[in-house]
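Input: a single structure, listed below in structure tokens.
The values are calculated or read from the model by the stated rules, or taken from the named source; none is laboratory data. No experiment lies behind these values; they were computed from the predicted model shown. Cβ placement follows ideal geometry from the backbone for every residue including glycine, while neighbour counts extend to all protein chains displayed. Just so you know, the surface numbers come from the protein's heavy atoms only, side chains and all, with ligands and any DNA or RNA stripped out. Shrake-Rupley method; radii C 1.70, N 1.55, O 1.52, S 1.80 Å.
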Amino acid sequence: MPGTSDKIWTEDIIVRSYDIDQYGRLSPLPLCDFLLDAAGNHAQKLGLSLHDLQSRQYTWVLSRMILKMDIYPVWRDTITIHTWPSGIEKLFALRDFEITDEQNRVIGAGVSAWLVIDVESRRPVRIKPFFETL
């Protein structure tokens, strides 16, 4: 179930058969997709979704993501993704992630850095004005 807090978004994910690797563990690519989906869902709740920005001729671009997993879940495990905006660094909006297992143990964490790009000029813009309404 998606979370209801504006500060921290929480989303449960069930690992599907097509999300696992040959060893039965969650593959990194689907895991990153889960994180990006959770980030997008939270951005929508905050009024900063891709759609919200595009209506103003801007778009989000993921610049980088760092992810550290201590344990990779397996098929049919339920994981919970917690994500929240964690700050602004120059032109980058930072977003943190925490992944917990069914026993609420932290099994992974990460951070991503995002730019807002002006669609016409294709150049980054200052990020701070987008967050002043929060």
Of His51, Ser27, Pro129, farthest towards positive along the dipole that unit charges on Lys, Arg, Asp, Glu beta carbons give the chain: Pro129
With every protein chain in place, the chain: carbon and sulfur % of accessible area (1.4 Å): 53
Residue-by-residue Karplus 3J(HN,Hα) for the range 76-88, coefficients 6.51, -1.76, 1.60, Hz, glycine and proline x: 6, 5, 9, 10, 10, 9, 10, 9, 7, x, 10, x, 10
Tilt relative to the chain, helix 28-45 - C-alpha long axis, 0 to 90 degrees, to 10: 50
Probe 1.4 Å, all protein chains present, accessible-area order of Leu35, Leu50, Leu94, largest first: Leu50, Leu94, Leu35
Cα centroid of the range 87-112 to Cα centroid of the range 58-77, whole Å: 9
Unit charges on C-beta of K, R, D, E only; dipole of the chain, Debye: 480
Heavy-atom accessible area ranking, 1.4 Å probe, most first, across Val15, Val106: Val106, Val15
Relative contact order for the range 68-133, counting Cα pairs under 8 Å that sit 6 or more residues apart, in percent: 28
Heavy-atom accessible area per residue - the chain, 1.4 Å, Å²: 62
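What FRET efficiency comes out for the pair Asp12/Asp70, r = Cβ-Cβ distance, R0 = 22 Å, nearest 0.05?
Working: r = 19 Å, r/R0 = 0.87.
About 0.70, to the nearest 0.05.
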Nitroxide proxy distance, nm - points 7 Å out along Cα→Cβ at Asp37 and Val106: 2.4
Label selected from (i) -0.95, -1.05, -1.16, -1.49; (ii) -1.11, -1.17, -1.22, -1.31; (iii) -0.89, -0.97, -1.05, -1.29, the criterion being log10 I(q)/I(0) by the Debye sum over Cα atoms at q = 0.17, 0.18, 0.19, 0.22 Å⁻¹ as computed here: (iii)
